[in-house]
Amino acid sequence: DIEDMEGDRLYGCKTIPISMGIETAKNIVSFLIALIILIVAWIQKGQYDSGAFVSFGYLLLLIQLPLFVLVFLVQKGNASGDFKRPDLLSKIIMLTGLLYSIVIYISFTDNA
């Protein structure tokens with residue numbers, strides 16, 4: 001919503017960046033990303049303990065590391081135009097998260 005603030009303001013939307021400010025919105029987003037990082041780390045621990053190293057590496061390289069970069073980019077941004085890259089990165093992370101289901105499917109069918 002930070003990226004779309006001007007349009008939202010024109011249409012009278014009451015989004016978090018408009019009603020509480022950009023800094024508060026950035027902190028909320030960063031907190032939620034940190035929560036996701038912790039959840040993924042918990043999943044990774046299970047993958048590592050079970051020897052599923054391909055799954056572990058996928059989560060590390062294609063989900064965890066980009067999430068850390070996303071937090072950095074979000075915190076660095078100050079104006080609505082600064083959030084185009086974080087928006088694109090978040091979409092890429094979501095796509096790699098969806099593609100992770102293929103990794104899980106392959107790992108379960110290989111072990112069967």
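Any idea what the relative contact order of the range 1-103 is, in percent, if you count C-alpha pairs under 8 Å spaced at least 6 apart?
Computed over the range 1-103, the figure is 32 percent.
What helices does the chain have that are whole DSSP H segments, at least 18 Å long along their own axis by Cα, and with mean Kyte-Doolittle hydropathy of 0.0 or more?
22-49, 84-111
Computed from these coordinates, which is Rg and Dmax of the Cα atoms in Å: (1) 13.1, 39; (2) 14.4, 45; (3) 17.1, 56?
Correct label is (3).
Extension gain D49-M20, at 0.36 nm per residue separation less the Cα-Cα distance, in nm?
So the extension gain works out to 6.2 nm.
Which sequence of M20, M5 reflects their accessible areas, 1.4 Å probe, from the largest down?
M20, M5
Counting other Cβ atoms within 10 Å, which chymotrypsin sites (Phe, Trp or Tyr not before Pro) in the range 1-66 have at most 14 and lie in a DSSP loop?
Filter output for the range 1-66: Y11.
Out of N78, A52, L88, whose Cα points farthest toward the positive end of the dipole of the range 31-94 (charges: +1 Lys, Arg; -1 Asp, Glu; placed on Cβ)?
So the residue we want is N78.
For the range 1-73, state which trypsin sites (Lys or Arg not before Pro) are in a DSSP loop and have at most 14 other beta carbons lying within 10 Å of their beta carbon.
Sparse-neighbourhood loop trypsin sites (Lys or Arg not before Pro): K14.
Which value, in debye to the nearest 20, describes the size of the charge dipole of the chain about its Cα centre when Lys and Arg Cβ atoms bear +1, Asp and Glu Cβ atoms bear -1, and nothing else is charged?
120 debye
The values are calculated or read from the model by the stated rules, or taken from the named source; none is laboratory data. Being a predicted model, the structure only gives us computed values, none of them experimental. Here Cβ is always computed from backbone atoms with ideal geometry, including for glycine, and neighbour counts include all displayed protein chains. These area figures cover heavy atoms from the full protein model, side chains too; ligands, DNA and RNA do not enter into them. Shrake-Rupley method; radii C 1.70, N 1.55, O 1.52, S 1.80 Å.
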